[in-house]
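Chemist: The following block contains the structure, expressed as structure tokens.
The values are calculated or read from the model by the stated rules, or taken from the named source; none is laboratory data. From a predicted model like this one, the values you see are computed outputs, not experimental measurements. A quick note on method: Cβ atoms are made from the backbone with ideal geometry, for glycine too, and the neighbour counts reach across all protein chains shown.
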């Protein structure tokens, strides 16, 4: 948002990195969480991830705290479009950058350096000509209040909180642990390594989420079948 060069650099890196993001599929953890929802074991899933994979796995009630990188939003008129559709515009407008190879990075772009980014044509809104931005919360931005309020309301109705695969070092997620603890609600976590909320946890399972959740979902399915 601060400079045209930064936008050119971002969209060039995003154009190269997007195919990897677009081709990503839910893993065992995503699929197991969707099974737990179908079993009726939780009501709301709040995620810090922006990849949309929980919805792809079958979860139907997801609050994406940090947005979704599969959407692009105009900062002028608010128009939304899909990132997949924008990719075709980026390719058409920047043939000189097509086919460049770069290592992917976690934010959905690529380590593209040493190129003349001034030659890159960044996209603009087709409706008003405004600046386009991926519909995600960047560092330095705040999570939209509506999402925070929706997650807080879900926590208020919950009996307990389960944290999956997060160190909770970012406050946008950790605050819900603080709120749960103040409300006297038990908190459990499945996570490898330290979390910011370790002192607030009643149960911590230091194990990979995928196989752990898969076993949990299978055992709960069997229990429900036996009690039916």
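Chemist: Might you let me know whether region 40-53 holds any residue that is out of contact with any strand residue (DSSP E or B) (no Cβ under 8 Å at 6 or more places or on another chain), under 19 Å from residue 21 (Cα atoms), touching a residue at least 24 places away in the same chain (Cβ under 8 Å) and surrounded by 15 or more Cβ atoms within 10 Å (Cβ to Cβ)? I'd like the intermediate steps shown before the answer.
Modeler: So the first thing to find is which residues in region 40-53 are out of contact with any strand residue (DSSP E or B) (no Cβ under 8 Å at 6 or more places or on another chain), and the list is 40-41, 43, 48, 53.
Restricting the remaining residues to those that are under 19 Å from residue 21 (Cα atoms) gives 48, 53.
Adding the requirement that they be touching a residue at least 24 places away in the same chain (Cβ under 8 Å) leaves 48, 53.
Remaining after also requiring surrounded by 15 or more Cβ atoms within 10 Å (Cβ to Cβ): 48, 53.
Yes, because at least one residue in region 40-53 is out of contact with any strand residue (DSSP E or B) (no Cβ under 8 Å at 6 or more places or on another chain), under 19 Å from residue 21 (Cα atoms), touching a residue at least 24 places away in the same chain (Cβ under 8 Å) and surrounded by 15 or more Cβ atoms within 10 Å (Cβ to Cβ).
Chemist: Okay, next question. Looking only at residues that are surrounded by 18 or more Cβ atoms within 10 Å (Cβ to Cβ) and in a strand (DSSP E or B) in region 72-90, which one is farthest from the chain's Cα centre (by Cα)?
Modeler: Of everything passing the filter in region 72-90, 74 is farthest from the chain's Cα centre (by Cα).
Chemist: Exactly one of (1) surrounded by 19 or more Cβ atoms within 10 Å (Cβ to Cβ); (2) farther than 26 Å from residue 129 by Cα; (3) in contact with a helix residue (DSSP H, G or I) (Cβ under 7 Å, 6 or more places away or on another chain) is unmet by residue 37. Its number?
Modeler: Unmet condition: (3).
Chemist: Further, regarding this structure: What strands (runs of 3 or more DSSP E) lie completely within region 117-212 and have 3 or more residues being under 24 Å from residue 68 (Cβ atoms) and in contact with a strand residue (DSSP E or B) (Cβ under 8 Å, 6 or more places away or on another chain)?
Modeler: Result: 132-136, 161-164.
Chemist: While we're looking at this one, here's another question. Identify the residue in region 28-58 that is part of a loop (DSSP other than H, G, I, E, B) and over 20 Å from residue 144 (Cβ atoms) and, among all such residues, is modelled with the lowest pLDDT.
Modeler: So the first thing to find is which residues in region 28-58 are part of a loop (DSSP other than H, G, I, E, B), and the list is 39-44, 48-52, 58.
The next check asks that each one be over 20 Å from residue 144 (Cβ atoms); those that pass are 39-43, 58.
Numbers: 39: 92, 40: 91, 41: 88, 42: 90, 43: 83, 58: 96.
Checking each candidate, the answer is 43.
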